[in-house]
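Since the structure comes first, as structure tokens, the remarks are kept for the end.
The values are calculated or read from the model by the stated rules, or taken from the named source; none is laboratory data. Since this is a predicted model, take the numbers as computed values, not measurements. FYI the Cβ positions are ideal-geometry reconstructions off the backbone, even for glycines, and counts take in every protein chain you see.
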Amino acid sequence: MSSGQSSAPALAPVHGENEQPQVTYTEFHPRWYRPQISTYWWLGKWPYVKFILRELTSVAVAWTVAVMLMQIFALTHSGAFYDGFEALMALPVMILVNFIAFAFLVFHSVTWFNLAPKAMAVRVGGKRVHGILISGPQYLAWIAVSAIVLFILATRT
Amino acid sequence: MVNKETEPIFWSLFSAGGVVAGLFLPIELLIFGIAIPLEWMHQPSYPALLALVHSPITRIYLFVLCSLPLFHFAHRFRYTLYDGLQIKHLNEVVFACCYGIAILGTVTAGYLLLTM
């Protein structure tokens, strides 16, 4: 055993008790440096938590589409099916899940619109356009779209 | 399946889906998942909704709303699993599941909206 190998477990990846590294280390190929990163690495700092929460908004997106597909299925099937869909949506647990999903959807919208100025560096006359001029119209479009959808559905009798 | 040539396609679908999801999904879920069940607004009658959904514009709208956000989900969730859970060795399985859901949802939406 070389002196290099005796200290190997300190830096080498965690192995089982009986599992020894099969590699013979030399001076010029000392050891792999592969630190183990915890699965919960993102819990340490708020920006990391925010990043993972932002990424998880995709689950709320998929959930909302699933609800819409159920609704379209019920709607195009029969009135009785649609009554069933309404009864399902009225369950307290569904309202709770939808509240949480809605919060995630809004988080997606806000982070998405705020990201656009960082992704698009628009320059006018050599000067970079302020971020608010890029994300602002998207917020306006969001409000307009929401108002139109709400108006259409609120005026159906 | 994902390489230098195909990545822009997946990324474009992710991006387009992100815009559609950001603009349209919150109000849809707010109305049908929260406001109507809690009786904050009155429930449109079944015939009125059926008439609405039979219009070609509504059908295109609903198809886009079901399809693109699912491709947004597929891309983003795939990378969440890579980064969050560090399961790069399950690359192919995760890819197939995520885009499988997106394609299944798109086909279902297309079928329902075309055959109603």
> Is it the case that A:ALA121 is outside any helix (DSSP H, G or I), more than 9 Å from chain B (Cβ to nearest Cβ) and free of Cβ contacts under 8 Å to residues at least 12 places away in the same chain?
Replying inline: yes
>> Criterion first (free of Cβ contacts under 8 Å to residues at least 60 places away in the same chain, within 17 Å of the chain's Cα centre (by Cα) and more than 11 Å from chain A (Cβ to nearest Cβ)) does B:CYS97 satisfy it?
In response: yes
> Only one residue in B:PHE14, B:PHE77 is under 12 Å from the mean Cα position of the chain (by Cα) and at pLDDT below 95, so which one is that?
Replying inline: B:PHE14
>> Would you confirm, using the coordinates I've provided, whether B:THR106 is of a type outside the set (A, V, I, L, M), within 21 Å of the chain's Cα centre (by Cα), under 21 Å from A:HIS108 (Cβ atoms) and surrounded by 14 or more Cβ atoms within 10 Å (Cβ to Cβ)?
In response: yes
>> Which of the numbered conditions does B:ILE36 fail, given that it passes all the others? Conditions: (1) in contact with a Cys (Cβ under 7 Å, 6 or more places away or on another chain); (2) over 24 Å from A:LEU53 (Cβ atoms).
In response: (1)
> Pairs under 6 Å by beta carbon, first residue farther than 16 Å from B:LEU25 by Cβ in the stretch A:128-153, partner surrounded by 15 or more Cβ atoms within 10 Å (Cβ to Cβ) and of a type in the set (A, V, I, L, M, F, W, C), six or more apart or different chains?
Replying inline: A:ILE134/A:ALA116; A:SER135/A:PHE113; A:SER135/A:ALA116
